[in-house]
């Protein structure tokens, strides 16, 4: 296929050295994923909007009884750190040199570290959910709790998806090496992973901090 | 248009207004239509003319295949719709504020509460201590403030000949202010689809003289039926008001159901039921497994939290 | 054990069984509709086997060619249109005799208006437009395919899966009775515990995800795959509207997905998003639904506007008047469409300030829409107008859509909405914009681009009759509803008490018969055209003296679209080339063409999505989980499998392309006098030269 791109390429195309015309394909692929992320952002926006319209009922536990800010801070730390390590992975991709196997090892190291941090995040999040349910705040209790669980849960579901995706990429690299398709997949995954960070910051600020202040 | 005197005894729509709101709405409809015609008529007139003038078989106008823009025409094309929309927009805003259903139509309006059920309306007159089912009696010339809620799915109460409609929603209240300036009968209805016998959910509105209004209230006050949590639970069963007569053991009685208001807080209790605990299929009116015996109204007195006055 | 396997599916859920056990007019009507599917299915299987068409069918189902995918969308839409028209006729017939009760049961009628609306929006109008966009846009921008051909196939698969769920509800169980808007708490689990609302949620959510992906795919296609020189302001208008529609899809579909997901959580897991109790708020659903629903109106109508632009300039043989104005107006409409959703519920009790603001915002949309209509009229001015079928649709559109606009301005006023909301006036209004707007655009578009893809024209006479039938049928069926609406008749009413409504309802019923006839005429047109295809062939590919790039290819268009990607120097590139005499000139150098090979992932995703939906509806959890895991496994496998391409050698392309160019240079074209005659082989003598 040929593409009619002449200028203004997406600056985040870290394909490494000597990639020939690959950036043309990458441009369309990554741009398409960005567009999809915009759509996903609207989905999150809708869950945010519904959450914003609900108020904790007097009869059921609210933020004060349910939120564990220490744990949420820890989750935030995990996710931010994982964003950093995913960024390191992409940088490794960019700086791929002749010594392929060494840099591939480095790449896989950063990716697995990201997965580990992501799992840490999920572990804390699920523990918090269990604690909330035990404290009388399951999502079936009230409209506020439904909106809370769904918004945070939707993000958690995205994180789970991102982790599975990352593991698939790692497996793929082990099987087939760092070819163009895995590079493109990695670039899109990186966009996805950073996006989840941004959404989490919003959740952290509006839902958790906003709920307690 | 239908002439009420020849065709219909009952005013069914705002084409035969019985009050200032409906009359304003009818006038507004005419004004909006006329204003919009300013933009529409040119299309209707010029289209056949252009088609005729430039028909390929026998054209009379000059062929200009590369003509694609004209500044004056462009200004007209944008200018006329903008001007028309500006006119209509101002008119629209003025009318929206003037006919705001929350705005009282006069001093000390008659307070009536309406509860929408499947497929009937209960109208409660708290001061008079009266409840009517599918019948709304208002004194001519006195402002009325209707406060609405529903105890099933969302409904929309409309009395076309007097006032428009407003949604009634569970656990919330909305308001409809109106005034009837003519004596007579009008049709009221629920216009929001609510299931099987939705189309039968109509009620009669009587605009009557002060004396007759007092007489009607007196008659209802002497009824042997009382609106309490128990009779309410029976009324809340699915069915029209006629069908509700049997479980109320008044199946031989003619005319609409008239009741004494046994529990003056009934409206508030209906609102409150959604804030206390989970509804079950048995306790939710409108559900197919609704059971009047298992549908207690809470005793709390309750101020609506989610009133719609934004 | 059986409960674990079949969930809540029982023997009695099957409609045919119901009809045998309890025969009455309602069960018989639904059962005969249900029976059409297995009977039709057997007939199709027999036909495929008899004609040995299994292999070609498989080729089609696994194809990633945008033209074939577009065709499949349109076939799907035509089948669904049949169902929609029959439902409409049933409802109109019922209301024609509906004084104090028609012949249909209330439950049956309520399902009919729900399925009719859901069907016409999600499974007729959208697939029709996606089909047209698929077929036309890559050709108009000079591309060989869309940006993500395999994703395109998956979008089709998801749309088909939604359609499958929707159709299967006709045979097993029942559909929702809550209207196409599906407002809770009527569709909540307390009031409506049955399978109907679950079918509704899942059918539209699954096809909605497909639509989101279509939006992503086409916006990227138009942004990134335009050929050299095709700047934004040189794009044909249909492509512009397709771009706006794609952008709307990206932003408007998520609210639908979100509100379906929330309603699903309420129904399946007992959440409290939209319940009556415990802080649930049904107003949130209504807001989310219309945040999707209003842009949806423009998702549908903008591409139809695009078709109207193409008709106005092509069939009057001149440039489009006010290109810049129309583009600006289209963008205005797209942006404004997100700011007016509240006008669908002016009567929900919000303050006058809010209502007034949204009322005025709604009026603003009338400005760009009006401008577009004036621009098209001005396009005809100074032209040489040919009254072919598309032009008839355009004229019908001018008159009828303008009336629809007028009633739209009426309904934009909150004051009047208090009277006319939920009334037949509203029903008349939206049919008045959707039939003359969207449907006329689609039918005209099919008439225009049919020869491009299949190589032969549709017979002109029958097409014109079809156009007139749609217009007359529409007028008779829906104009009376304006009057009944003013008289206070509500929508969604199985019966009514006021005898004054009867004559209007009878006229409307007659109109619906004509609309049914109009549908049959579409099929007849296609049938007669196929039988006469030899005479209607247009191998040179330019039957209408077209103006944009798609006409610069042979008909049917080869799989690679363009042998060499064209260069564009102005608007109406092909008209310009014809005028300068540079069309059909030989090309020096040909390259090998690389095309994506067929894949069956879209098909697998369709099966998995259908299984997921069906499993959820009937609480067959094993099926739902297996399908979901299957879909994920498919996606992962896909990432590991090589993406196959196949190469078409330059020599082969050269041979075919040069033969076509040579024949076109040496052939003698036809003037527009012979446009609808056998002599029209798709080679046009430009109108600019021959017009009087």
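The values are calculated or read from the model by the stated rules, or taken from the named source; none is laboratory data. This one's a predicted model, so the numbers in the text were calculated from it and none came from an experiment. Cβ sites come from the backbone with ideal geometry, for glycine too, and all protein chains shown count toward neighbours.
Considering only the stretch C:483-496, how many residues are part of a helix (DSSP H, G or I) and in contact with a strand residue (DSSP E or B) (Cβ under 9 Å, 6 or more places away or on another chain)?
3
Tell me, please, whether a residue that is more than 9 Å from every other protein chain (Cβ to nearest Cβ), over 28 Å from residue B:56 (Cβ atoms) and touching a residue at least 12 places away in the same chain (Cβ under 8 Å) can be found in the stretch C:384-406.
Yes, the stretch C:384-406 contains at least one residue that is more than 9 Å from every other protein chain (Cβ to nearest Cβ), over 28 Å from residue B:56 (Cβ atoms) and touching a residue at least 12 places away in the same chain (Cβ under 8 Å).
If a residue must be touching a residue at least 24 places away in the same chain (Cβ under 8 Å) and facing chain C (nearest Cβ under 8 Å), how many such residues does the stretch A:30-40 contain? I'd like the intermediate steps shown before the answer.
Taking the stretch A:30-40 first, the residues touching a residue at least 24 places away in the same chain (Cβ under 8 Å) are A:30, A:33-34, A:37, A:40.
This time we only want the ones that are facing chain C (nearest Cβ under 8 Å), so: A:40.
Of the residues in that region, 1 qualify.
Does residue B:21 satisfy being outside any loop (DSSP other than H, G, I, E, B), surrounded by 18 or more Cβ atoms within 10 Å (Cβ to Cβ) and either modelled with pLDDT of 95 or more or facing chain C (nearest Cβ under 10 Å) (or both)?
yes
Search the stretch C:314-352 for residues being free of Cβ contacts under 8 Å to residues at least 40 places away in the same chain and in contact with a helix residue (DSSP H, G or I) (Cβ under 8 Å, 6 or more places away or on another chain), and hand back the single one that is nearest to the other protein chains (Cβ to nearest Cβ).
C:350
Which ones in the stretch C:662-692 are exposed (fewer than 15 other Cβ atoms within 10 Å of the Cβ) and part of a loop (DSSP other than H, G, I, E, B)?
Once the filter is applied, which keeps residues that are exposed (fewer than 15 other Cβ atoms within 10 Å of the Cβ) and part of a loop (DSSP other than H, G, I, E, B), the stretch C:662-692 yields C:667, C:668, C:677, C:678, C:679, C:692.
Among the numbered conditions (1) crowded, with 18+ Cβ neighbours inside 10 Å; (2) within 30 Å of residue C:218 (Cα to Cα); (3) within 14 Å of chain C (Cβ to nearest Cβ), tell me where residue A:90 comes up short.
(3)
Restricting the search to the stretch B:226-237, which residues are surrounded by 21 or more Cβ atoms within 10 Å (Cβ to Cβ) and either within 14 Å of another protein chain (Cβ to nearest Cβ) or not in a helix (DSSP H, G or I) (or both)?
The answer is B:227, B:236.
Residue check: is residue C:359 in contact (Cβ under 8 Å) with a residue 40 or more places away in the chain, surrounded by 24 or more Cβ atoms within 10 Å (Cβ to Cβ), in a loop (DSSP other than H, G, I, E, B) and at the interface with another protein chain (Cβ under 9 Å from one of its Cβ atoms)?
On the way: in contact (Cβ under 8 Å) with a residue 40 or more places away in the chain: yes; surrounded by 24 or more Cβ atoms within 10 Å (Cβ to Cβ): yes; in a loop (DSSP other than H, G, I, E, B): no; at the interface with another protein chain (Cβ under 9 Å from one of its Cβ atoms): yes.
Taking the combined requirement at face value, the residue does not satisfy it.
Of the residues C:440, C:425, which is closer than 30 Å to residue B:27 by Cβ, more than 9 Å from chain B (Cβ to nearest Cβ) and touching a residue at least 24 places away in the same chain (Cβ under 8 Å)? It would help to see each step written out before you state the result.
Numbers: C:440 fails: closer than 30 Å to residue B:27 by Cβ.
The match here is C:425.
Examine the stretch C:231-247 for a residue that is facing another protein chain (nearest Cβ under 9 Å), more than 17 Å from the chain's Cα centre (by Cα) and surrounded by 24 or more Cβ atoms within 10 Å (Cβ to Cβ), and state whether such a residue exists.
Checking the stretch C:231-247: not a single residue is facing another protein chain (nearest Cβ under 9 Å), more than 17 Å from the chain's Cα centre (by Cα) and surrounded by 24 or more Cβ atoms within 10 Å (Cβ to Cβ).
Any idea how many residues of the stretch B:171-193 are crowded, with 24+ Cβ neighbours inside 10 Å, touching a residue at least 24 places away in the same chain (Cβ under 8 Å) and not in a strand (DSSP E or B)?
The qualifying residues number 5.
One line per residue, one yes/no per condition, for (1) touching a strand residue (DSSP E or B) at 6+ places or on another chain (Cβ under 7 Å); (2) surrounded by fewer than 21 Cβ atoms within 10 Å (Cβ to Cβ); (3) over 23 Å from residue C:82 (Cα atoms); (4) modelled with pLDDT of 95 or more:
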position: C:470; (1), (2), (3), (4): no, no, no, yes
position: C:477; (1), (2), (3), (4): no, no, no, yes
position: C:481; (1), (2), (3), (4): no, no, no, yes
position: C:498; (1), (2), (3), (4): no, yes, yes, no
position: C:506; (1), (2), (3), (4): no, yes, no, yes
position: C:516; (1), (2), (3), (4): no, yes, no, yes
position: C:519; (1), (2), (3), (4): no, no, no, yes
position: C:528; (1), (2), (3), (4): no, yes, no, yes
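Restricting to the stretch C:248-261, count the residues that are over 17 Å from the mean Cα position of the chain (by Cα) and more than 7 Å from every other protein chain (Cβ to nearest Cβ).
Of the residues in that region, 4 qualify.
Regarding the stretch B:210-225, can at least one residue be identified that is in contact (Cβ under 8 Å) with a residue 24 or more places away in the chain, away from chain C (no Cβ under 14 Å) and within 16 Å of the chain's Cα centre (by Cα)?
No, there is no match, as no residue in the stretch B:210-225 is in contact (Cβ under 8 Å) with a residue 24 or more places away in the chain, away from chain C (no Cβ under 14 Å) and within 16 Å of the chain's Cα centre (by Cα).
Tell me which residues, restricted to the stretch C:565-582, are free of Cβ contacts under 8 Å to residues at least 60 places away in the same chain and in a loop (DSSP other than H, G, I, E, B).
Selection gives C:581, C:582.
Given C:139, C:158, C:129, C:190, which one is within 21 Å of the chain's Cα centre (by Cα), buried (at least 24 other Cβ atoms within 10 Å of the Cβ) and farther than 25 Å from residue C:448 by Cβ?
So the residue among C:139, C:158, C:129, C:190 that is within 21 Å of the chain's Cα centre (by Cα), buried (at least 24 other Cβ atoms within 10 Å of the Cβ) and farther than 25 Å from residue C:448 by Cβ is C:158.
Please go through the stretch C:263-280 and pick out each residue that is facing another protein chain (nearest Cβ under 7 Å) and surrounded by 22 or more Cβ atoms within 10 Å (Cβ to Cβ).
C:271, C:272, C:273, C:276, C:277, C:278, C:279, C:280, listed by residue number.
Within the stretch C:444-461, is even one residue at positive phi and more than 13 Å from chain B (Cβ to nearest Cβ)? Outline the logic, then answer.
First, pick out the residues of the stretch C:444-461 that are at positive phi: C:455.
Still in the list and also more than 13 Å from chain B (Cβ to nearest Cβ): C:455.
Checked the stretch C:444-461: at least one residue is at positive phi and more than 13 Å from chain B (Cβ to nearest Cβ).
Can you tell me how many residues within the stretch B:142-165 are at the interface with chain C (Cβ under 10 Å from one of its Cβ atoms) and either over 22 Å from residue C:484 (Cα atoms) or surrounded by fewer than 24 Cβ atoms within 10 Å (Cβ to Cβ) (or both)?
6
Could you look through the stretch A:42-73, keep only residues that are part of a helix (DSSP H, G or I) and surrounded by fewer than 16 Cβ atoms within 10 Å (Cβ to Cβ), and pick out the one that is nearest to the other protein chains (Cβ to nearest Cβ)?
Per the criteria, the residue is A:53.
Residues are listed down the side, and each one gets a yes or a no for (1) under 28 Å from the mean Cα position of the chain (by Cα); (2) more than 17 Å from residue C:164 (Cα to Cα); (3) surrounded by 16 or more Cβ atoms within 10 Å (Cβ to Cβ):
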position: C:1; (1), (2), (3): no, yes, no
position: C:10; (1), (2), (3): no, yes, no
position: C:19; (1), (2), (3): no, yes, yes
position: C:24; (1), (2), (3): no, yes, no
position: C:84; (1), (2), (3): yes, no, yes
position: C:106; (1), (2), (3): no, yes, yes
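Please state which one of B:80, B:45, B:41 is crowded, with 16+ Cβ neighbours inside 10 Å, assigned to a helix (DSSP H, G or I) and assigned by TED's automatic domain parsing to the domain that holds residue B:29.
B:80
Give the residue that is surrounded by the most Cβ atoms within 10 Å (Cβ to Cβ), with candidates limited to residues of the stretch B:48-65 that are at the interface with another protein chain (Cβ under 8 Å from one of its Cβ atoms) and touching a helix residue (DSSP H, G or I) at 6+ places or on another chain (Cβ under 8 Å).
B:54
Has the stretch C:629-650 got at least one residue that is surrounded by 19 or more Cβ atoms within 10 Å (Cβ to Cβ), more than 14 Å from every other protein chain (Cβ to nearest Cβ) and over 18 Å from residue C:553 (Cβ atoms)?
no
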